[in-house]
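The values are calculated or read from the model by the stated rules, or taken from the named source; none is laboratory data. The structure presented is a predicted model; accordingly, all values stated were derived computationally and were not measured. Because the Cβ atoms are built from the backbone with ideal geometry, glycine has one as well, and the counts that use them run over all protein chains shown. With ligands, DNA and RNA removed, areas are computed over all heavy atoms of the protein, side chains included. Shrake-Rupley method; radii C 1.70, N 1.55, O 1.52, S 1.80 Å.
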Protein chains: 2
Amino acid sequence: METITNKTYDELSVGDSAERKHLVTEQELQLFAVVSGDRNPLHLDEEFAANTPFKGRIAHGMLSGALISAALAMDIPGPGTVYLGQDLSFKRPVHLGDELTIKLTVKEKKERKNIVILDCLITNQDDKAVVTGDATVMAPAESVTIDLPDLPEVTIA
Amino acid sequence: METITNKTYDELSVGDSAERKHLVTEQELQLFAVVSGDRNPLHLDEEFAANTPFKGRIAHGMLSGALISAALAMDIPGPGTVYLGQDLSFKRPVHLGDELTIKLTVKEKKERKNIVILDCLITNQDDKAVVTGDATVMAPAESVTIDLPDLPEVTIA
């Protein structure tokens, strides 16, 4: 089984960072619509979206939020992180097929309650920022390694 | 076909609000894991989650972000809204089976660029705030009514 290990508050230093890549797929736009309840045709209907200023389907803005939250939970600080807050600034649309890079960097360590602020940056394949923001978390106090459950297989009809 | 109509910048007044309900389901935790890539067992593995301080599975924090984004896109201001920014404060965990109420209220209308700030509040079935925050959007300039595509049918194996 695949495992991941966290970085504890004590192990984190300002400037530490982690990166993950993500390809925006058709399946994902559909699943995000199902999960969120957002049925806007801008994300689901190519013909409708082609006639908007975006000239094609774009991802739900909060998909980027979901990708940041996954990076916090999996990469840095990882398992045991308690998510306290997030601010997000949506800079550019994310299009179907975009290859995103999600980069989190430790910006500040507070002295109380193991609170850490991480700078969050998502860029696209043209190296343009699509989302920026800050995450506020309580970093784990203890080192843990956990087994990762397999993702379920999803079929869309 | 189901349709929705937006509220334009001019139609919105400070204090206007909209509410939607949402039941947190098993399927959703699994789909959110797939969409985000967050495979933390706290959301997927009941046995693991039962042995944490949460005493059972909780939803991914950013699921609440997704619900707010859907309310902006569908309810207020609705279609044509451009999402500029969001801040979120995660106050309490959201558990599997929770019945959430997502309430958005117009807090401020800026004079330039049709910018509107909405107060975002998610409460659970015990009327406790689980997420609070502010959304910043560019409200639509023109009234539109759109057809809503059906959500795809999703099967999880």
Of all residues in region B:79-100, which are under 25 Å from B:GLN30 (Cα atoms) and touching a residue at least 60 places away in the same chain (Cβ under 8 Å)?
B:VAL94, B:HIS95, B:LEU96, B:GLY97, B:ASP98, B:GLU99, B:LEU100
Complete set of residues in region A:86-103 that are more than 8 Å from chain B (Cβ to nearest Cβ) and of a type outside the set (Val, Ile, Thr):
A:LYS91, A:ARG92, A:PRO93, A:HIS95, A:LEU96, A:GLY97, A:ASP98, A:GLU99, A:LEU100, A:LYS103
Would it be correct to say that A:GLY56 is away from chain B (no Cβ under 11 Å), at positive phi and modelled with pLDDT of 95 or more?
no
Pull up region A:74-85, narrow it to residues that are open to solvent by 10 Å² or more (accessible area, probe 1.4 Å) and more than 7 Å from every other protein chain (Cβ to nearest Cβ), then point me to the one that is farthest from B:GLY61 (Cα to Cα).
A:ASP75
Conditions: (1) out of contact with any strand residue (DSSP E or B) (no Cβ under 9 Å at 6 or more places or on another chain); (2) free of Cβ contacts under 8 Å to residues at least 12 places away in the same chain; (3) open to solvent by 10 Å² or more (accessible area, probe 1.4 Å). B:LEU44 meets all but one. Number of the miss?
(2)
Output the residue which, of all residues in region A:59-70 that are facing chain B (nearest Cβ under 8 Å) and of a type in the set (A, V, I, L, M, F, W, C), is surrounded by the most Cβ atoms within 10 Å (Cβ to Cβ).
A:MET62
Within region B:111-157, restricting attention to residues that are acidic (Asp, Glu), within 12 Å of another protein chain (Cβ to nearest Cβ) and in a strand (DSSP E or B), which residue is surrounded by the fewest Cβ atoms within 10 Å (Cβ to Cβ)?
B:ASP147
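The rows are residues; the columns are (1) open to solvent by 60 Å² or more (accessible area, probe 1.4 Å); (2) at pLDDT below 95; (3) within 11 Å of another protein chain (Cβ to nearest Cβ).
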residue	(1), (2), (3)
B:LYS7	yes, no, no
B:LEU12	no, no, no
B:GLU28	no, yes, yes
B:GLY37	no, yes, yes
B:THR52	no, yes, yes
B:LEU72	no, no, yes
B:THR105	no, no, no
